[in-house]
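Participant: To start, I am sharing the structure in question, which I have written as structure tokens.
The values are calculated or read from the model by the stated rules, or taken from the named source; none is laboratory data. Owing to the predicted nature of the structure, the values given are computational and were not obtained by experimental measurement. Using ideal geometry, Cβ is built from the backbone for each residue, glycine included, and neighbour counts are taken over all protein chains shown. Surface accessibility is based on the protein's heavy atoms, side chains included, excluding ligands, DNA and RNA. Shrake-Rupley method; radii C 1.70, N 1.55, O 1.52, S 1.80 Å.
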Amino acid sequence: MWSELAAYAGRASEAIELIQRALRLNPHPAGWYYWELGLAYYAAGQYEESVKILRMEATYRSASRRILAASLAQLGRIDEATREAALFIATTPNFRISHWAAAQPARDVDTVERFVEGYRMAGLPD
């Protein structure tokens, strides 16, 4: 979770290093470790890496799909992004971008805006 705080503080490179270290130290990590890594890659603008991680069986089919959808949208893969967004909304029908953005513990507004932009591009509801 420390990596997520670093990502939202605008320190995406540090966030990636933190979660990679956690993965090295834990030989049997829970799926959310990969969710955090995908989030950190997204915050760093490394959308291909984010897609690769978030499509792993350990985290795919979880609410991390919203970050996967945003990553795909940022890559211009809009059809895939909207499919993933629809699958996410099917399991999280009350999600709204504005509510998500308001609830983030972010210290770096640009990072939150990058997520908001990707969510909108993927077609998630405002």
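Participant: Can you tell me which residue within the range 36-60, out of those that are open to solvent by 60 Å² or more (accessible area, probe 1.4 Å) and not in a loop (DSSP other than H, G, I, E, B), is farthest from F115 (Cα to Cα)?
Facilitator: In this case the residue turns out to be K52.
Quick grid of which residues meet (1) free of Cβ contacts under 8 Å to residues at least 12 places away in the same chain; (2) part of a helix (DSSP H, G or I); (3) surrounded by fewer than 16 Cβ atoms within 10 Å (Cβ to Cβ):
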| site | (1), (2), (3) |
| --- | --- |
| A81 | no, yes, no |
| A86 | no, yes, yes |
| A90 | yes, yes, yes |
| F95 | no, no, no |
| W100 | no, yes, yes |
| T111 | no, yes, no |
| V116 | no, yes, no |
| R120 | no, yes, yes |
| L124 | no, no, no |
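Participant: Take the range 1-21 and flag every residue that is open to solvent by 30 Å² or more (accessible area, probe 1.4 Å) and of a type outside the set (D, E, K, R).
Facilitator: Those that are open to solvent by 30 Å² or more (accessible area, probe 1.4 Å) and of a type outside the set (D, E, K, R): M1, W2, L5, G10, S13, Q20.
Here is a yes/no grid of residues against (1) more than 18 Å from T111 (Cα to Cα); (2) touching a residue at least 12 places away in the same chain (Cβ under 8 Å):
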{"site": "W2", "(1), (2)": "no, yes"}
{"site": "Q20", "(1), (2)": "yes, yes"}
{"site": "L23", "(1), (2)": "yes, yes"}
{"site": "H28", "(1), (2)": "yes, no"}
{"site": "Y34", "(1), (2)": "yes, yes"}
{"site": "Y60", "(1), (2)": "yes, no"}
{"site": "A73", "(1), (2)": "no, yes"}
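Participant: How many residues does the range 84-113 hold that are in contact with a helix residue (DSSP H, G or I) (Cβ under 7 Å, 6 or more places away or on another chain) and modelled with pLDDT under 95?
Facilitator: If we filter the range 84-113 for residues that are in contact with a helix residue (DSSP H, G or I) (Cβ under 7 Å, 6 or more places away or on another chain), which is where we start, we get 84-85, 87-88, 95, 97, 101, 104-108, 111-112.
Filter once more, keeping what is modelled with pLDDT under 95: 101, 104-108, 111-112.
Residues that pass the stated criteria total 8.
Participant: Give G45, G38 a once-over and let me know the one that is at pLDDT 95 or above, within 14 Å of the chain's Cα centre (by Cα) and closer than 21 Å to A103 by Cα.
Facilitator: Every option except G38 fails the conditions.
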